[in-house]
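Remarks on the structure that follows.
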Protein chains: 2
Amino acid sequence: MTLPQTMRALIQKQDGYSRASQRSGFSLEALDPYVEMAAIDVPAPGKGQVLVKVARGAVNPSDVMFIKGMYGQPRRKGLPAGFEGCGTVVATGEGAEQFDGKRIAFVTGNSGYGSWAEYAVADAAMCIPLMDGISDDDGASMIVNPLTALAMISIVKEAGAESFILTAAASQLCKLIIAQAAADGLSAIGTVRRDEQIEPLKALGAAHVLNQKSDTFSSDMRDICRADKPVVMLDAVAGPSSAAVFEAMGRGARWIIYGRLEEEPPVLREPGEMIFLQKRIEGFWLSRWLTEAGDQERAQLVKKAQTNFIDGLWKTDVTEVLALEDAADRLANALAQPNGKVLLSP
Amino acid sequence: MTLPQTMRALIQKQDGYSRASQRSGFSLEALDPYVEMAAIDVPAPGKGQVLVKVARGAVNPSDVMFIKGMYGQPRRKGLPAGFEGCGTVVATGEGAEQFDGKRIAFVTGNSGYGSWAEYAVADAAMCIPLMDGISDDDGASMIVNPLTALAMISIVKEAGAESFILTAAASQLCKLIIAQAAADGLSAIGTVRRDEQIEPLKALGAAHVLNQKSDTFSSDMRDICRADKPVVMLDAVAGPSSAAVFEAMGRGARWIIYGRLEEEPPVLREPGEMIFLQKRIEGFWLSRWLTEAGDQERAQLVKKAQTNFIDGLWKTDVTEVLALEDAADRLANALAQPNGKVLLSP
């Protein structure tokens, strides 16, 4: 197959990390300060790598954090963003030949050549051959959200909890978690910011869904915590509303932060509860969790993720599929829509 | 031995816990709202308990938290406060006869009859026969601070840390920790609020001591953290200054809260560090730790504590020994003195 010399890509405008003083929340106010459209050389895959013709690039919260310089790895100016996507392998480096011509889901990790481009580079270890019956829209988000969801269910089970709390529960990720929890007999308690998000999440299997803007939110959450005794909060918000939920939780509560949607930082009003109620606060990062999980558990989760989509337990709600050229104008607004996933189509 | 019918005691004026809205810091503004002098019946020891003629009652931060209704167990109106002390056993319940006439250190746990009185009741399991060579002043603080110090050294070692941070490092507890750390080759980094506390702590073996009121505190702490890489902060403060230290710490930092000296609550300005730097926040409560440690480790620590005093590695700096009658007027002021322990002498 003959490859073109150059490709269209959304490349990063900065190197490294942003300074603490420049940081805001993890939502995207506009794409332009961080990323621009450009034509760059199509890369060659290195040893153990594959070159993918991208069908869909995903836009995850982690991508937004990354391009803003707030993620756990440094930006690289002039190279395409986008951690995840799906497509077809069009060239392979030494040791990655088994993927030649395959349709795969991938994450680009540290390759530097992300999925917001016509071609991306991924390590063979980060590629999953897609089963028949998985659409491009589902395939583009086959790794980050599904594995995060399964990892979090695993954390809840290891904690011996029969119920747990999800903040920002209307996200695509949380929908996967809620469906899996219901299938596993776990009781998911979600918080949202709009009344119209409540019923759809209950229909997915959530045990309780509370609007955090309701006047009775804190007392309602306290009542639910007293009755259901959730000991894990999976928190995408990391703000004052998360702190309020943590205060409502009882003995042994674990506040597990994996994102930040509120700009105002949380205040620990009752640090004595860390002492006497054995509460604690920690973080979750998929990259780290997968490293610690080991090959066997990873392989099981990858298989289960695809099976869940094929069986219909999971589906991807797509808000919008944008051309790369339209991202500058429309991505921030599309991400601000409440209930779905935004994908890029090169 | 003939016992009197009644005794003098500092008894509690409230039951249960204080409301969240009534809570302030863990320091004592005045004794009078919480405790009053009274004559009450001398109790009889129950099964497995001893009655102790108190030589010295200790005043620990946990006592202050308890009488303010902010500790992990409820107050009992009309009964004496005081978790710890030393004295001589003058009566025993069934199964505690082995302590008859013995000079012991004790904690009163849930007995209800605390050490701020002429007589106290303790479970035999919470009594330690005092070795010769231990003074009453050392014996009065033989359990809570020494076992906390040894438990914390154990936590630091289990974390694989070669250095760790102590806030409010001029406390009696922290002096024990610093001396033990130096003996074990661990590097203790202390924070204090007065310049004159710096040199005495360095003389005890602290590697670094910083005044948190210094203009260069945050940058100095950052430099030390970069060089020494402490991963544990043992925190008696639980306020904004603790949060500043936590921000200065690097990957894997554990903020372990065991007290609260600042009324202003801490703010988590960088929740993303919980995710990407695997930082976490938890609490330490001696009662809980001892329960989890098991009999053998507890017995070893109890022995080591006394040996440390006899060997001269540890000593108790006593600010003041107050008669029970003088506590109402003088206890709060004595506790506000920076560097020593306050004891009560019935």
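The values are calculated or read from the model by the stated rules, or taken from the named source; none is laboratory data. Small disclaimer: the values here were computed from a predicted structure and weren't measured. Positions of Cβ are backbone-derived with ideal geometry, glycine not excepted, and every protein chain shown enters the neighbour counts. Each accessible area value is taken on the protein alone, full model and side chains, heavy atoms only, with ligands, DNA and RNA left out. Shrake-Rupley method; radii C 1.70, N 1.55, O 1.52, S 1.80 Å.
Values as computed for the structure displayed
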item	result
Theoretical FRET efficiency, 1/(1+(r/R0)^6), r = Cβ-Cβ of B:Asp295 and B:Leu3, R0 35 Å, to 0.05	0.65
Overall Cα dimensions of the stretch B:16-68, principal axis frame, Å, largest first	39, 22, 20
Backbone N under 20 Å from the A:Lys47 label point (7 Å along Cα→Cβ), restricted to the stretch A:97-117	A:97-100, A:109-113
Chain B: radius of gyration over Cα atoms, expressed as a fraction of 2.2 N^0.38 Å	1.00
Once the Cα gyration tensor of the stretch A:138-188 is diagonalised, semi-axes √(5λ) in Å	19, 12, 9
Solvent exposure ordering (accessible area, 1.4 Å, most first) of A:Asp184, A:Asp41, B:Asp63, B:Asp329	B:Asp329, A:Asp41, A:Asp184, B:Asp63
Cβ nearest the rotation axis (B onto A), residue from chain B and distance to the nearest whole Å	B:Ile281, 2
Contact order relative to length of chain A, as percent, for alpha carbon pairs under 8 angstrom and 6 or more apart	17
Largest to smallest principal axis extent of the C-alpha atoms in the stretch B:145-287, angstrom	37, 33, 31
Top of B:Ala332, B:Ala39, B:Ala179 by mean-square fluctuation, Gaussian network on chain B, Cα under 10 Å	B:Ala39
Per-residue HN-Hα couplings for the stretch B:133-147 [Karplus 6.51, -1.76, 1.60; θ = phi - 60°; Hz; x = Gly/Pro]	x, 9, 6, 4, 5, 6, x, 5, 10, 8, 10, 4, 5, x, 6
Under the Karplus curve 6.51 cos²θ - 1.76 cosθ + 1.60, θ = phi - 60°, whole-Hz ³J(HN,Hα) for the stretch B:162-178, x wherever Gly or Pro sits	9, 9, 8, 10, 10, 8, 6, 6, 8, 5, 4, 4, 5, 4, 4, 4, 4
Selected from A:Phe66, A:Thr88, A:Ala122, residue furthest toward positive end of dipole (the stretch A:1-157; charges at beta carbon)	A:Phe66
Label-point separation in nm, A:Lys202 to A:Thr307, each point 7 Å along Cα→Cβ	3.2
All-pairs Cα distance distribution in the protein assembly as shown, expressed in whole percent, bin size 10 Å	3, 14, 21, 20, 16, 12, 8, 4, 1, 0, 0
Other-chain or far-sequence residues with amide H under 5 Å of A:Leu322's (modelled H)	A:Leu343, A:Leu344, A:Ser345
Efficiency of FRET between A:Ala336 and B:Lys77 - r from beta-carbon atoms, R0 56 angstrom, step 0.05	0.50
Accessible surface of B:Val59 - all protein chains present, 1.4 Å probe, nearest 10 Å²	10
Distance from the stretch A:1-71 to the stretch A:104-159 (C-alpha centre basis), Å	16
Two-decimal Rg to Rh for the stretch A:99-138 - Kirkwood Rh, Cα set	0.96
Inter-part distance where the stretch B:174-246 and the stretch B:262-336 are each reduced to a Cα centre, Å	15
Label distances, nm, B:Asp215 versus same residue in remaining copies, Cβ-directed 7 Å point	5.1
The protein assembly as shown - percent of accessible surface contributed by carbon and sulfur, probe 1.4 Å	48
Rg/Rh ratio calculated on Cα atoms of the stretch A:8-113 (Kirkwood radius)	1.00
Label 7 Å beyond Cα on the Cβ vector: A:Ser18 copy-to-copy distances, nm	4.1
Between B and A, accessible area buried - total, square angstrom, nearest 100, 1.4 angstrom probe	2500
Other-copy label distances relative to A:Glu162, 7 angstrom Cα-Cβ extension, nm	4.9
Kirkwood Rh and Cα Rg combined as Rg over Rh, evaluated for the stretch B:48-192	1.03
A:Glu262 - accessible surface, heavy atoms, 1.4 Å probe, Å² rounded to 10	40
The protein assembly as shown - share of DSSP beta bridges that are antiparallel (%, nearest 5)	60
Hz values of 3J(HN,Hα) by residue in the stretch A:51-61 - Karplus curve (6.51, -1.76, 1.60), Gly and Pro given as x	9, 10, 7, 6, 8, 9, x, 7, 10, 9, x
Extreme residue, positive dipole direction of the stretch B:145-287, given options B:Pro200, B:Leu173, B:Met152 (C-beta unit charges)	B:Met152
Accessible surface, per residue, of the stretch B:61-101 when the full set of protein chains is kept, probe 1.4 Å, Å²	33
A:Ala125 versus A:Asp32: modelled label distance in nm, points set 7 Å from Cα along the beta carbon direction	4.1
Accessible area in square angstrom per residue, the stretch A:145-287, 1.4 angstrom probe	36
Sequence-distant residues sharing a close amide H with A:Val209 (under 5 Å, placed H)	A:Gly190
Cα coordinate range in the stretch B:226-346, projected on the principal axes (Å, largest first)	54, 39, 29
Two-site FRET efficiency, A:Ala39 against A:Ser218, from Cβ-Cβ distance with R₀ of 56 Å, rounded to 0.05	0.60
Most fluctuating residue given options A:Arg251, A:Arg19, A:Arg103, as computed from a GNM of chain A linking Cα atoms under 10 Å	A:Arg19
Relative contact order for the stretch B:145-287, counting Cα pairs under 8 Å that sit 6 or more residues apart, in percent	20
Members of the stretch A:267-284 that become less accessible by 50 Å² or more once partner protein chains are added (1.4 angstrom probe, chain alone as reference)	A:Leu268, A:Glu270, A:Pro271, A:Met274, A:Ile275, A:Phe276, A:Gln278, A:Ile281
Residues with amide H under 5 Å from that of B:Lys102, placed H, sequence gap 5 or more	B:Val89
Restraint check, A:Lys68/A:Lys175; A:Lys175/A:Lys279; A:Lys279/A:Lys341, Cα-Cα greater than 30 Å	A:Lys279/A:Lys341
Considering only the stretch A:88-233, percent of DSSP beta bridges that pair antiparallel, nearest 5	30
